[in-house]
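The values are calculated or read from the model by the stated rules, or taken from the named source; none is laboratory data. Computed from a predicted model, the values in this text were never measured in an experiment. Here Cβ is always computed from backbone atoms with ideal geometry, including for glycine, and neighbour counts include all displayed protein chains.
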Amino acid sequence: MEKADILVIGGGIGGLTTAIEASETGRKVVLVEKNPYLGGRVVQMNKYFPKLCPPTCGLEMNLRRIRQNSNIEILTLSEVEKISGKKGDYEITIKVAPRYVNEACTACGECEKVCPTERPDEFNYGLCNTKAIYLPFQVAHPMQYVIDSDACSKCGTCVEACKFGAIDLDMEAQTTTVKVSSIVVATGWKPYDAKKIDNLKYGIYEDIVTNVQLERMAAANGPTNGKILRPSDNKEPQSIAFVQCAGSRDEKHLRYCSAVCCLASMKEATYIREQNPNSRVYIFYIDRRASGRYEDFYAQVEADENVTFIKGKVADIIENKAGLMVCAEDILSGTKASQAVDMVVLATGMVPETDLPIDINSDEYGFMLTDEIKGIYPTGVAKGPSEVSGVTRDATAAALKAMQK
């Protein structure tokens, strides 16, 4: 049985920060991530606050620190199955799913060229497909291909194409056990399912997408190579409406505010305006929230004469021959607003991913509460909505707490 000081569950920006900060003080850390790569939701963005730079910049700095650090053990494609014990003496059972590709992989891509089967690309939120054997993204860590066993036909063409003997279709799941003193939960979030919001017609009209999908469209390594295009015809939209609080602050869906959606939409509005100077953007909102230093960014977006803010909750979206019609109440004018656009972006909220075999209290929305008596410390969006810089600050604090005996 392996022994370490801290178990970190989740390999997104919060989990990476906690693991690196703790391990660089000499603590032994085991980092468990269910995806075949590190980076979480952040690496799926085009740009992130506060610097509005590509996420690979910050990720590469963290990966360099990991490569130079022998105190971190990383387990991808892994999930915690059982937690027993108490603070200072936890025993963790971890299931490691097979990658079907070993460390001999050079990421040359010859296997992908011959694979006959495709699958939806979850990294790009289903906007395109990958082969059954795929590299999650260009700078993925570990830099190894992975096979989706649900999509793979086990035809063996990839095995024949690999010059390095890196593919093993007979690989099996393994179980490992580790003893640790404390646990940090950095499981992050998932977007709220927009298909649950009947009046907003996501999944019915092709040109209605979510905010996370737009991030992938705008990313250079995304499905459209960085061009924001209307899904129905792959043409550049001339007008786009953002629907804020799509399912958030709503008794029928998410009762809470996810804190970052307003800023995310303003940021995405700048993508559109930069790509197409003649485009028009309409942002339908309940309240505009851009606290602290981000107020200046909000003022910058508002000053753009081609960006219009409309205070009102969207009641319906109708498709016609010309495109989409967004129907809402314009609260400030006291009238009903109908705006024709080429494309609609739904600002869906953050839902915590905290479904773990762990004995810790949560609030009414599923966000975890810190339990220092048990030595279990949630961090980042596992404990509440937050933007990236807030997550990294909180993750550093979690590392300090987890290091206490």
Name the single residue that is farthest from L263 (Cα to Cα) among those in region 384-400 being among the polar types (S, T, N, Q), out of contact with any Pro (no Cβ under 7 Å at 6 or more places or on another chain) and in a helix (DSSP H, G or I). T396
V209 fails exactly one of the following numbered conditions: (1) assigned to a loop (DSSP other than H, G, I, E, B); (2) over 27 Å from A19 (Cβ atoms); (3) of a type in the set (A, V, I, L, M, F, W, C). What is the number of that condition? (1)
Go through region 374-400 and count every residue that is touching a Phe, Trp or Tyr at 6+ places or on another chain (Cβ under 7 Å), crowded, with 19+ Cβ neighbours inside 10 Å and not small (G, A, S). 3
G390: passes all of (1) assigned by TED's automatic domain parsing to the domain that holds E79; (2) without any contact (Cβ under 8 Å) to a residue 12 or more places away in the chain; (3) at positive phi but (3)
Counted residues in region 130-178 being closer than 30 Å to V391 by Cβ, surrounded by 15 or more Cβ atoms within 10 Å (Cβ to Cβ) and not hydrophobic (A, V, I, L, M, F, W, C) come to 9
Which of (1) assigned to a strand (DSSP E or B); (2) within 14 Å of the chain's Cα centre (by Cα); (3) aliphatic (A, V, I, L, M) is the odd one out, the single condition I74 does not satisfy? (2)
Only one of D296, D287, D233, D250 is closer than 18 Å to D342 by Cβ and of a type in the set (D, E, K, R), namely D233
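Residue-wise test of (1) closer than 30 Å to K195 by Cα; (2) at pLDDT 95 or above; (3) over 17 Å from the mean Cα position of the chain (by Cα).
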position: V101; (1), (2), (3): no, yes, yes
position: F123; (1), (2), (3): yes, yes, no
position: K131; (1), (2), (3): yes, yes, yes
position: V139; (1), (2), (3): no, no, no
Tell me which of these N46 doesn't satisfy, since it passes every other one: (1) surrounded by fewer than 21 Cβ atoms within 10 Å (Cβ to Cβ); (2) assigned to a loop (DSSP other than H, G, I, E, B). (1)
Scan region 148-187 residue by residue and report those that are assigned to a strand (DSSP E or B) and either within 30 Å of I6 (Cα to Cα) or assigned by TED's automatic domain parsing to the domain that holds D371 (or both). Q174, T175, T176, T177, V178, K179, V180, S182, I183, V184, V185
Among the residues of region 324-373, which ones are acidic (D, E), without any contact (Cβ under 8 Å) to a residue 24 or more places away in the chain, surrounded by 15 or more Cβ atoms within 10 Å (Cβ to Cβ) and farther than 21 Å from S182 by Cα? E329, D330
Give V341, V307 a once-over and let me know the one that is among the hydrophobic types (A, V, I, L, M, F, W, C), in the same structural domain as K252 (by TED's automatic domain parsing) and touching a helix residue (DSSP H, G or I) at 6+ places or on another chain (Cβ under 7 Å). V307
Looking for something within 24 Å of the chain's Cα centre (by Cα) and within 16 Å of I331 (Cβ to Cβ) - is there at least one such residue anywhere in region 273-283? yes
Taking the condition closer than 28 Å to T18 by Cβ and in a loop (DSSP other than H, G, I, E, B), does F137 pass? yes
Single condition M1 does not satisfy, out of (1) among the hydrophobic types (A, V, I, L, M, F, W, C); (2) surrounded by fewer than 24 Cβ atoms within 10 Å (Cβ to Cβ); (3) closer than 25 Å to E215 by Cβ: (3)
Could you check A259 against (1) in contact with a helix residue (DSSP H, G or I) (Cβ under 8 Å, 6 or more places away or on another chain); (2) of a type in the set (A, V, I, L, M, F, W, C); (3) not assigned by TED's automatic domain parsing to the domain that holds K86 and say which number it fails? (1)
Return the residue satisfying two criteria in turn: it lies in region 67-88 and is free of Cβ contacts under 8 Å to residues at least 60 places away in the same chain and touching a helix residue (DSSP H, G or I) at 6+ places or on another chain (Cβ under 9 Å), and of such residues it is nearest to G26 (Cα to Cα). N71
I need a count of the residues in region 238-255 that are more than 19 Å from the chain's Cα centre (by Cα) and surrounded by fewer than 24 Cβ atoms within 10 Å (Cβ to Cβ). 8
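Quick check, is G14 buried (at least 18 other Cβ atoms within 10 Å of the Cβ), out of contact with any Lys or Arg (no Cβ under 6 Å at 6 or more places or on another chain) and in contact (Cβ under 8 Å) with a residue 24 or more places away in the chain?
Yes; evaluated as a whole, the condition is true for this residue.
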